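The values are calculated or read from the model by the stated rules, or taken from the named source; none is laboratory data. Keep in mind it's a predicted model, so treat the numbers as computed, not measured. Positions of Cβ are backbone-derived with ideal geometry, glycine not excepted, and every protein chain shown enters the neighbour counts.
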Amino acid sequence: MLKNEKAVVVFSGGQDSTTCLFWGKERFAEVETVTFDYGQRHKLEIECAAQIAKEQGVKQTVLDMSLLNQLAPNALTRSDIEIAEGDGLPTTFVDGRNLLFLSFAAVLAKGAGAKHLITGVCETDFSGYPDCRDSFIKSLNVTLNLAMDYPFVIHTPLMWLDKSETWELADQMNALEYVRDHTLTCYNGIKGDGCGECPACKLRKAGLDNYMLRRNRVSEGGRLV
Ligand SMILES: [Zn+2]
């Protein structure tokens, strides 16, 4: 598709961004990754991302974003606050986090000679983050191009997919087993299928179960619906 061009994947080592990494590798001549270290509860998340980047043969740059702690102490970065599901935004919310990450990724990408940015943001599992919406991404794309006078293209392959369809996309790229076993989404820092109890594990498992059910129906002679 765009075999002579280069892309930078915003990469956390989770299911979504790892699926995006495979998506990028299928389309671009060269792919590299950028990972943001903002004092995650589990350093394992950074290690996991580094391991995947190494296994997939892509360069990884880790940027120190620990200043987010100063701006918005929250459950993801402060181990003394519990992650809770409640009304409104999850307590893992950091205002404008995605705006900041994508802006830094853009600076890095331009320096690396890449005009394509790939991010796993998604409106379908929308959990209240306004800077994950498609309208925001389109707006930021224009802003980045103006800010740096550079023709960035932000790709969001998961934007309209639910978790089940994200598994399906990984499967289409023959990466389902890899994504399942090597990625970390669990809030308790357990790789692969995780602890099974936290909100991230429940969402991930529900999506996988749903997809497997659909896939099995296909193997029984039906069509993937
Ligand atoms: Zn978990």
From 33, 61, grab the single residue that is among the hydroxyl-bearing types (Ser, Thr, Tyr), crowded, with 19+ Cβ neighbours inside 10 Å, touching a strand residue (DSSP E or B) at 6+ places or on another chain (Cβ under 9 Å) and modelled with pLDDT of 55 or more. 33
In the stretch 8-19, anything on the phi < 0 side of the Ramachandran plot, touching a Ser or Thr at 6+ places or on another chain (Cβ under 7 Å) and not aliphatic (A, V, I, L, M) is listed as 11, 12, 14, 15, 16, 18, 19
Can you tell me which residue in the stretch 17-69 is nearest to residue 98 (Cα to Cα), limited to those that are touching an Asp or Glu at 6+ places or on another chain (Cβ under 9 Å) and of a type in the set (Lys, Arg)? 43
Can you find a residue in the stretch 193-203 that is touching a His at 6+ places or on another chain (Cβ under 6 Å) and buried (at least 16 other Cβ atoms within 10 Å of the Cβ)? no
Which one of the conditions (1) assigned to a helix (DSSP H, G or I); (2) touching a helix residue (DSSP H, G or I) at 6+ places or on another chain (Cβ under 8 Å); (3) without any contact (Cβ under 8 Å) to a residue 12 or more places away in the chain does residue 214 fail to meet, given that it meets all the rest? (3)
Please work out which residue is surrounded by the most Cβ atoms within 10 Å (Cβ to Cβ), limiting yourself to the stretch 13-30 and to residues that are more than 13 Å from residue 179 (Cβ to Cβ) and not basic (Lys, Arg). 24
